[in-house]
Amino acid sequence: AEVSGIALQLQPTPAARALMMITQQPGYCAAGVPRTPERENLFRWAGLMGSGALMLYGRADDAREVQSPDDLRGATVVAQRESQPLAWLREHGLKAYEVNDTLTGLRMLRAGRVDFWLVNDLAGQRAIQLGGGAAPKALHSFGQIDVYIACHRELPAATAERLRQGLEQLRRDGELAEFGLR
């Protein structure tokens, strides 16, 4: 808000609800939204926040190796609802267990309720820090995920540009490093 000169109100919201809000309510934006072909024309894109690995985690005591999507057949993989990891699982015809947030996915993995956790590693690392306990075992990266600020389509282009410039300024100043965004 300070860098862009735009008054902002922050509201933590599950991804599915945030996407609904920015689709239906002018003046709303959401942070950390993957830019996909089906979403391209739904939103006004206000800037790249960062990139992270599409990372698959397993429990530390699980000796299974994963190198390809085929290695996940028959396993249950937890992913956040309305996320790029969930879309990736569906695209590969894999069994997914949907949760509202990354921390819930991590907890389910640790509790043995699912076999694997697929997550944007930016969000995953943050959940691991917040969740305490032993870190799960990073098994394989299935590529990169870019996340953006996405806003309602009626957001003026000049406002989106100010948000983008604010993000760039924060990145240059190193102020996003705390969140793994460089």
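The values are calculated or read from the model by the stated rules, or taken from the named source; none is laboratory data. The structure displayed is predicted, hence computed values, not measured ones. Cβ atoms come from the backbone with ideal geometry, glycine included; neighbour counts cover every protein chain shown. Areas reflect the complete protein model, heavy atoms only, side chains present, ligands, DNA and RNA absent. Shrake-Rupley method; radii C 1.70, N 1.55, O 1.52, S 1.80 Å.
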Checklist entry - Is it possible to state the helix-based mean residue ellipticity at 222 nm for the chain, with each DSSP H run of 4+ residues giving -39500 (n - 2.57), the sum divided by total residues, to the nearest 500 deg cm²/dmol? What is it? => result -9500 deg cm²/dmol
Item to check | Residue with peak Gaussian network fluctuation, the chain [Cα springs, cutoff 10 Å], from TRP45, TRP88, TRP117 | outcome: TRP88
Checklist outcome for this item: If one compares the long axis through the Cα atoms of helix 102-111 with the longest principal axis of the Cα atoms of the chain, the angle in degrees, nearest 10, works out at 10 degrees
Next on the checklist: Give the residue list of GluC sites (Glu not before Pro) in the stretch 51-147 that are DSSP loop and have at most 15 other beta-carbon atoms within 10 angstrom.
Outcome noted: GLU65
Checklist entry - What spacing in nm lies between the two simple spin-label points modelled at ASP62 and LYS95, each 7 Å away from Cα in the Cβ direction? => result 1.2 nm
Checklist entry - What does the accessible area per residue of the chain come to in Å², with a 1.4 Å probe and no ligands, DNA or RNA counted? => result 55 Å²
Checklist entry - What angle, in degrees between 0 and 90 and rounded to the nearest 10, separates the Cα long axis of helix 121-131 from the longest principal axis of the Cα atoms of the chain? => result 70 degrees
Next on the checklist: Ratio of alpha-carbon Rg to the 2.2 N^0.38 Å globular estimate for the stretch 1-111, to two decimals, please.
Outcome noted: 1.26
Checklist entry - Hey, got the dipole for the chain? About the Cα centre, +1 on K and R Cβ, -1 on D and E Cβ, debye to the nearest 20? => result 240 debye
Checklist entry - Bin by bin, in steps of 10 Å, what percent of the Cα pairs in the stretch 43-177 do you find, going until the bin that has the longest distance? => result 12, 38, 29, 17, 5, 0
Item to check | Neighbour net charge for TYR28 - beta-carbon separation under 13 angstrom, K R +1, D E -1 | outcome: +2
Checklist entry - Carbon and sulfur atoms: what percent of the 1.4 Å accessible area of the chain do they account for? => result 49 percent
Checklist outcome for this item: Computed about the Cα centre, the charge dipole of the stretch 1-66 from +1 Lys/Arg and -1 Asp/Glu charges at the Cβ has a magnitude in debye, to the nearest 20, of 200 debye
Checklist entry - Counting every Cα pair in the stretch 60-106, what percent are over 16 Å apart? => result 41 percent
Checklist entry - If you average 1/r over all unlike Cα pairs in the stretch 1-47 and invert the result, what Kirkwood radius do you get in angstrom? => result 11.8 Å
